[in-house]
Amino acid sequence: MSLNSFGHLFRFTTWGESHGPALGAVVDGCPPGVPLSEALIQPWLDKRRPGQNRNTTQRQEPDAVRILSGVFEGVTTGTSISLLIENTDQRSKDYGDIAQTFRPGHADLTYHLKYGVRDYRGGGRSSARETAARVAAGGVARQVLAALAPTVRITGYMVQMGEKRIDGSRFDWAEITRNDFWCPDPVAAAEWEDYLAWLRKDDHNSVGAMIEVVAEGVPPGLGAPIYGKLDSDLASAMMSINAVKGVEIGEGMAAAALTGRDNADEIFWENGRVGYGSNHAGGILGGISTGQPITVRFAVKPTSSILSPRRSIRLDGTPAEVVTKGRHDPCVGIRAVPVGEAMMALVLADHLLLDRGQTGGVRGRIG
Ligand SMILES: Cc1cc2nc3c(=O)[nH]c(=O)nc-3n(C[C@H](O)[C@H](O)[C@H](O)COP(=O)(O)O)c2cc1C
């Protein structure tokens, strides 16, 4: 399979399958001298780790990361950084039934039609186990940002589960880490808890979600016109996450309903700095960061693996009824939050290096 790499100057490649011995990432293009250790990457993996509460899959994986190369005496050397995460809790017998059957909503059928062979155990390469490797690579990207653009702060959270949305008037940043859903609205989080318990236990069903990732403190000037747009790389990054079906930046799809008077963010010169009256643009104009918060939203589809029977076909074309057992996330949006944050960090680190390479910090002046 080709195309396992992402990024331009700060480029990472992931490898591995759900039920193989291990998975990981190789990060290339990381500047030298950046402080890096396993302890600096592990907290991000712990945030994504399965089996932490009853609202996510019960697969128990420590997701302990090992750095195999590219770091010497606590700092990056500028050579490729290899990251390894062992798989320890595979339960392949859960997947015996699907060797001959295609699970609706999964990649089983398309992999078979394209490659003629597939590792059916846990979905093989299509499994979201792969996202652990991205989160590890994202940990390296965060270190690059901390070293070169320390003002950047990336925060992801869930704003919608099924039809149940947060109430913006109750938005509380501190609340995000207090519940199992990375939800900034405590009332919505309590409601989601009951709803998900009912869905999982009584309705044998799953539900989709909307995640928002915000990057604050991003310097103006990241991104380039036309094919190097920061927004197109962010959209590509988020869309590459398993189960993502839609990506929006700033007003996103809602911009279609606005008028120009409402949408164009007014510009001011205040205390020697550029200021804006609003942020409908989501922090990006002409593919280049404005210095305002970069806001990305992505929609994830409901988990396809559910205990309710769904119709499908077998390898020989005969009809089959699929009930997906095994351990699954009832709402994949929850664990997609740290993955979205990692992709934001990876894109920003890449564009920071691209900007450094092309402009070397040259900037236009105002005032
Ligand atoms: C963090 C995360 C966890 C996921 N966990 C599951 C899961 O437990 N069960 C499942 O059916 N799908 C899960 N998915 C989604 C599947 O990996 C994905 O739907 C499937 O591979 C098909 O790919 P596609 O939806 O991108 O087309 C998860 C996705 C993410 C991002």
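The values are calculated or read from the model by the stated rules, or taken from the named source; none is laboratory data. None of these values were measured; they are calculated from a predicted model. Note that we place each Cβ from the backbone using ideal geometry, even for glycine, and neighbour counts take in every protein chain shown. The accessibility values were calculated without ligands, DNA or RNA, using every heavy atom of the protein model including side chains. Shrake-Rupley method; radii C 1.70, N 1.55, O 1.52, S 1.80 Å.
Comparing Cα centroids, the stretch 328-367 and the stretch 75-140 end up 24 angstrom apart. Ranking Gly223, Ser69, Ala147 by how far each Cα lies toward the positive end of the dipole of the chain (charges on Cβ) leaves Ser69 at the top. Evaluated with a Cβ-only charge set (Lys, Arg +1; Asp, Glu -1), the stretch 184-343 carries a dipole of roughly 760 debye about its Cα centre, given to the nearest 20. Over the stretch 5-359, accessible surface divided per residue gives 46 Å², non-protein components excluded, 1.4 Å probe.
Over the chain, dividing the summed -39,500 (n - 2.57) contributions of all DSSP H runs of at least 4 residues by the number of residues returns a 222 nm mean residue ellipticity of -8500 deg cm²/dmol. Dipole check for the chain: with +1 at the C-beta of Lys and Arg, -1 at the C-beta of Asp and Glu, and the Cα centre as origin, the magnitude is about 740 Debye. With contacts taken as Cα pairs under 8 Å and at least 6 residues apart, the stretch 1-127 reaches a relative contact order of 27 percent. Relative contact order of the stretch 71-144: 30 percent, from C-alpha pairs under 8 Å at least 6 residues apart in sequence.
Restriction of the GluC sites (Glu not before Pro) in the stretch 146-204 to DSSP coil positions whose beta-carbon has at most 13 other beta-carbons within 10 angstrom yields Glu163. Just how many % of Cα pairs in the stretch 5-359 lie over 34 Å apart, if you round to the nearest whole percent? Here the tail beyond 34 Å accounts for 29 percent of pairs. For the chain, the membrane-span-like helix rule (DSSP H, alpha carbon extent of at least 20 Å along the helix axis, mean Kyte-Doolittle at least -0.5) picks out 130-148, 186-201, 333-359; this says nothing about an actual membrane. When a 1.4 Å probe is rolled over the protein heavy atoms, the share of accessible surface on the stretch 5-359 that falls to carbon and sulfur comes to 53 percent. Cα centroid distance between the stretch 261-314 and the stretch 1-71, in Å? Cα centroid to Cα centroid, the span is 25 Å. Across the chain, Cα pairs under 8 Å and at least six residues apart give a relative contact order of 21 percent.
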